[in-house]
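What follows is a short report on a single structure.
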Amino acid sequence: MEDRPGIPDTRTVRARLRLPALLFLLASPACKNTEQQQQIEDDARKLTVDSTTDATAPLVDDNCRFRLGWPGEGWKLVGPTEAAALWRDAQAGAIGPGQLGAAVMVQGAPGASLDAYAELVLSNAQLRIAELHVESREPVTFAGEPAVRVSWTGALQGLTRRWITTVFVHDGHGYQVIGWGPSESFDVQQLAPVLGQFSLLEGKVSGPPLVTLPDRDGAGWRLAGGVFESVVSGIRIAPPTGWRVGDPAALAAAGTGAEVGLEAPSVGAHVLLTPQRVDRRAAAAFRSSRLAEAERTLGAKRSGTWTAMMFGVETEFAVFEDSPLEYLVATHVLGDFGIETVVTAPVAGRDVARPSIATALASVTELDVDARAVLRAALESGRDPQRHVGATHALRGGVLRDFDAAIRWTKPAGFWTLRAADDLSTPEEEKLQFSSLDTGLAGRLVTEPRAGGDAAAYHEERVRALGGTSGPKRTVPIANGTADVTTVIHQDGDLRFRTELATVLHRDWAVMLQVSGEAGQVEAAADEVAAIFAGLELTQGFPMTREVNREYIDARLGFAITMPLFDWTYTDRTPPERAAFSAGIVFENGGAKLTLTAIVVGDGVDPDVVRGLAEQAMRSALTKRMGAATEGTATLGGAPARRTTWAAQGKRAEMISAAIGAEVFVLVAEDVEAKDLERFVSSFRLLE
């Protein structure tokens with residue numbers, strides 16, 4: 001995961017798919033027993049069904065000059081292709097018993113000291129891990145190098161874990177050997193099998209190969225063939241050799257505010273481009289304000305200037321040093337947008353990094369008008385791609401559903417960035433942050449329990465907390481009612497900011513919806529402000545799951561499946577600690593059983609690899625019980641799927657699995673009649 005200190009726990013996939021360990025006596029011919037035994041032996045050495053490498057054979061990385069041996073029984077090694085698909089920027093890894101995992105990450109860190117690199121690793125972790133708490137930090141010797149070992153706890157995707165990271169610097173590169181497991185039990189002794197199998201090899205470290213992100217669409221942008229294009233800001237980037245476009249979803253999740261970034265892991269350099277609406281006549285003021293903000297943020301004075309080509313013009317960058325990094329800051333104005341560019345790179349590697357950075361910046365150009373029009377039409381014709389699933393909310397198709405507060409909010413027309421996640425820097429538990437790429441308006445939606453509350457008192461409380469100068473309270477229409485709203489003005493020198501703050505109480509919950517921007521922007525976008533409030537709908541309550549006419553509907557994860565008639569029933573067996581990102585539903589009719597597992601895949605993780613892990617875990621268990629498996633194909637929810645079948649002594653099992661968008665679905669049927677299984681499979685659908 002993008003210099004990812006917070007690494008998804010792929011063992012949760014396996015935990016969700018365990019079956020009872022009942023072993024059936026097989027009265028099969030000797031040839032079938034031989035085939036079954038061969039599959040069992042193969043499964044023990046394969047990470048996924050499609051793996052072509054032995055997951056118990058040592059991994060040797062010639063570029064990064066390390067070897068990772070097999071940790072032993074219960075562990076499987078993860079090679080470079082699958083490691084990068086699961087944990088972006090990982091070169092290798094291992095998946096172990098009891099939800100244990102580990103990964104090896106290497107990146108360029110020319111001239112960086114050990115302490116400085118350890119600080120960088122920890123600061124990156126704090127961007128991804130909620131409620132991160134450092135438990136220990138100690139010097140150690142690892143792989144023959146001085147190292148720092150840091151242990152911390154925190155939450156990722158709603159799951160609390162402990163991470164233990166061993167960090168060291170070798171031949172101009174930073175290394176992390178990171179392990180994770182349950183927060184209540186994981187310790188360095190459980191990680192010892194992996195640590196003991198890591199060693200450095202002799203020879204020059206050339207650094208990890210660059211892995212380009214797969215094609216994808218976002219809010220007003222497209223990444224295709226490694227080239228990034230933005231409809232609204234007009235930014236176009238075709239990275240040179242050694243550079244790649246950073247993951248826009250990861251930038252959004254980290255709350256950077258940047259639209260796009262560039263990365264060069266080999267030199268440890270990063271570029272962030274953050275657009276915001278400005279008056280072209282205020283270009284000088286925009287530059288001075290951004291440089292002043294950089295000084296405040298970094299606590300450092302400008303130490304000089306540096307020039308490079310960008311957007312086709314020679315551009316002056318202000319240089320700030322905050323060891324071990326240097327920051328290069330510049331601004332441009334393209335049409336109605338001011339674009340701030342911030343480059344970070346190791347101070348010690350300046351002579352190597354700057355020529356490479358100059359080449360990368362020269363690849364940043366402006367998308368022409370005709371190309372922007374074509375891209376806009378293509379993106380507007382598709383469904384909003386932004387999704388997020390939490391324990392009590394879901395965002396998809398531009399609609400946020402808050403099941404606790406019983407509200408829905410639909411974004412207005414146009415391109416909006418939507419972040420359904422809590423901002424830990426604010427005291428409220430935010431359900432959504434949003435911003436319009438077309439008008440520059442930004443806002444947030446907050447819900448909080450308020451049983452028996454007073455609507456007027458709550459509104460006054462929220463206005464008072466905002467500060468500034470407030471106007472009189474009035475009402476505005478929402479989708480099916482009205483809300484109280486107050487205009488609040490904040491003055492910062494010559495800048496005047498305006499916030500429209502609306503509140504309403506609903507079913508023992510308080511809802512706050514606010515939108516802000518420069519005063520002129522808010523006034524000019526009055527229709528859009530009205531649409532923001534009109535998108536709020538108060539409902540009489542809608543359950544996360546329900547049954548309607550034999551159809552099981554999961555409104556949170558966004559799927560539905562119809563049970564055959566007669567005596568089929570279902571039970572939700574999702575462990576509470578995994579409810580934020582998965583579901584496990586068991587349908588039963590006498591001895592017939594169908595288990596449906598749904599998994600929400602995190603940002604930067606390849607759903608196909610997660611599906612492969614899930615398939616392999618189930619395949620291994622069922623092959624031991626029922627004999628050799630046969631492979632086939634199927635369709636699930638309109639997507640291609642794999643069908644695996646087992647049969648022994650009149651018993652039959654089938655597994656159908658598919659990766660659809662950012663979710664993985666696995667259906668396992670045991671002794672289900674063919675017509676009933678067809679009913680389940682053919683009825684499966686995704687919700688809008």
Fill in the blank from the handout: The lone condition ASP454 fails out of (1) closer than 15 Å to LEU538 by Cβ; (2) out of contact with any Leu (no Cβ under 7 Å at 6 or more places or on another chain); (3) open to solvent by 60 Å² or more (accessible area, probe 1.4 Å) is (1)
Practice task
Please tell me if ALA647 is in contact with an Asp or Glu (Cβ under 6 Å, 6 or more places away or on another chain), farther than 29 Å from LEU156 by Cβ and small (Gly, Ala, Ser).
Solution key: no
Fill in the blank from the handout: Within the stretch 197-216, restricting to residues that are exposed (fewer than 15 other Cβ atoms within 10 Å of the Cβ) and of a type outside the set (Gly, Ala, Ser), the one that is farthest from GLY604 (Cα to Cα) is GLU202
Handout entry: Residues satisfying the stated conditions in the stretch 87-134, i.e. of a type in the set (D, E, K, R) and either crowded, with 18+ Cβ neighbours inside 10 Å or part of a helix (DSSP H, G or I) (or both)
Key = ARG88, ASP89, ASP115, GLU119, ARG128
Problem - Residue list for the stretch 434-459, restricted to those being acidic (Asp, Glu) and farther than 18 Å from ILE407 by Cα - result: ASP438, ASP454
Completion exercise
Looking across the stretch 339-361 at residues that are of a type in the set (A, V, I, L, M) and more than 29 Å from the chain's Cα centre (by Cα), the single one that is farthest from ALA308 (Cα to Cα) is ALA348
Handout entry: Close pairs from the stretch 627-640: first at positive phi, partner of a type in the set (Gly, Ala, Ser) and in a strand (DSSP E or B), Cβ under 6 Å, at least 6 apart
Key = GLY627/ALA648
Completion exercise
Within the stretch 336-362, restricting to residues that are open to solvent by 50 Å² or more (accessible area, probe 1.4 Å) and among the charged types (D, E, K, R), the one that is farthest from ARG290 (Cα to Cα) is ASP351
Completion exercise
With criteria (1) in contact with a Leu (Cβ under 8 Å, 6 or more places away or on another chain); (2) more than 30 Å from PHE337 (Cα to Cα); (3) open to solvent by 10 Å² or more (accessible area, probe 1.4 Å), VAL476 comes up short on (1)
Handout entry: Residues of the stretch 396-414 classified as touching a helix residue (DSSP H, G or I) at 6+ places or on another chain (Cβ under 9 Å) and farther than 18 Å from VAL515 by Cβ, total
Key = 0
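Return the residues of the stretch 363-402 that are closer than 20 Å to VAL313 by Cβ and either touching a residue at least 60 places away in the same chain (Cβ under 8 Å) or open to solvent by less than 30 Å² (accessible area, probe 1.4 Å) (or both); say none if nothing qualifies.
Let us first name the residues in the stretch 363-402 that are closer than 20 Å to VAL313 by Cβ, namely 363-369, 371-372.
Listed by number, the residues that qualify are SER363, VAL364, THR365, GLU366, LEU367, ALA371, ARG372.
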Exercise for the section: For the stretch 201-218, state whether one or more residues are touching a Gly at 6+ places or on another chain (Cβ under 8 Å), in contact (Cβ under 8 Å) with a residue 40 or more places away in the chain and among the small types (Gly, Ala, Ser). Expected result: yes
Problem - Residues of the stretch 646-658 satisfying the condition of being modelled with pLDDT of 95 or more and open to solvent by 20 Å² or more (accessible area, probe 1.4 Å) - result: GLU654
Practice task
Sort out which residues of the stretch 551-568 are in a loop (DSSP other than H, G, I, E, B), in contact (Cβ under 8 Å) with a residue 40 or more places away in the chain and surrounded by fewer than 20 Cβ atoms within 10 Å (Cβ to Cβ), and write them in order of number.
Solution key: ALA555
Practice task
For the stretch 518-527, indicate whether the set of residues that are open to solvent by 60 Å² or more (accessible area, probe 1.4 Å), free of Cβ contacts under 8 Å to residues at least 40 places away in the same chain and among the acidic types (Asp, Glu) is non-empty.
Solution key: yes
Practice task
Out of the residues in the stretch 437-451 that are hydrophobic (A, V, I, L, M, F, W, C), at pLDDT 90 or above and closer than 22 Å to GLU380 by Cβ, state the one that is surrounded by the fewest Cβ atoms within 10 Å (Cβ to Cβ).
Solution key: ALA442
Practice task
Can you confirm whether the stretch 239-255 contains a residue that is of a type outside the set (A, V, I, L, M, F, W, C), open to solvent by 30 Å² or more (accessible area, probe 1.4 Å) and within 21 Å of THR417 (Cβ to Cβ)?
Solution key: yes
Practice task
Looking at (1) open to solvent by less than 20 Å² (accessible area, probe 1.4 Å); (2) within 18 Å of GLU678 (Cβ to Cβ), find the lone condition where THR633 falls short.
Solution key: (1)
Handout entry: Extreme residue, nearest to the chain's Cα centre (by Cα), among residues of the stretch 165-184 that are part of a loop (DSSP other than H, G, I, E, B) and touching a residue at least 60 places away in the same chain (Cβ under 8 Å)
Key = GLY172
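Please enumerate the residues belonging to the stretch 659-671 that are touching a residue at least 60 places away in the same chain (Cβ under 8 Å), in contact with a Pro (Cβ under 9 Å, 6 or more places away or on another chain) and surrounded by 19 or more Cβ atoms within 10 Å (Cβ to Cβ).
Keep residues of the stretch 659-671 that are touching a residue at least 60 places away in the same chain (Cβ under 8 Å), which gives 661-671.
Imposing the further condition that a residue be in contact with a Pro (Cβ under 9 Å, 6 or more places away or on another chain) reduces the set to 661-664.
Correct list: ALA662, GLU663, VAL664.
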Exercise for the section: Looking only at the stretch 294-335, count how many residues are within 30 Å of the chain's Cα centre (by Cα), open to solvent by 70 Å² or more (accessible area, probe 1.4 Å) and either free of Cβ contacts under 8 Å to residues at least 24 places away in the same chain or at positive phi (or both). Expected result: 2
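Of all residues in the stretch 217-227 being outside any loop (DSSP other than H, G, I, E, B) and in contact with a helix residue (DSSP H, G or I) (Cβ under 8 Å, 6 or more places away or on another chain), which is surrounded by the most Cβ atoms within 10 Å (Cβ to Cβ)? Break it down stepwise before answering.
Going residue by residue through the stretch 217-227, those that are outside any loop (DSSP other than H, G, I, E, B) are 217-218, 221-224, 227.
Those left that are additionally in contact with a helix residue (DSSP H, G or I) (Cβ under 8 Å, 6 or more places away or on another chain): 217-218, 221-223.
On the way: ASP217: 17, GLY218: 20, TRP221: 23, ARG222: 16, LEU223: 20.
Checked the stretch 217-227; the qualifying residue surrounded by the most Cβ atoms within 10 Å (Cβ to Cβ) is TRP221.
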Exercise for the section: Among the residues of the stretch 576-596, count how many are closer than 18 Å to ALA391 by Cα, in a loop (DSSP other than H, G, I, E, B) and without any contact (Cβ under 8 Å) to a residue 40 or more places away in the chain. Expected result: 0
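The values are calculated or read from the model by the stated rules, or taken from the named source; none is laboratory data. Keep in mind it's a predicted model, so treat the numbers as computed, not measured. Quick reminder, even Gly has a Cβ in these numbers, built from the backbone with ideal geometry, and neighbours come from all protein chains shown. Calculation scope for accessible area: heavy atoms of the full protein, side chains included, ligands and nucleic acids excluded. Shrake-Rupley method; radii C 1.70, N 1.55, O 1.52, S 1.80 Å.
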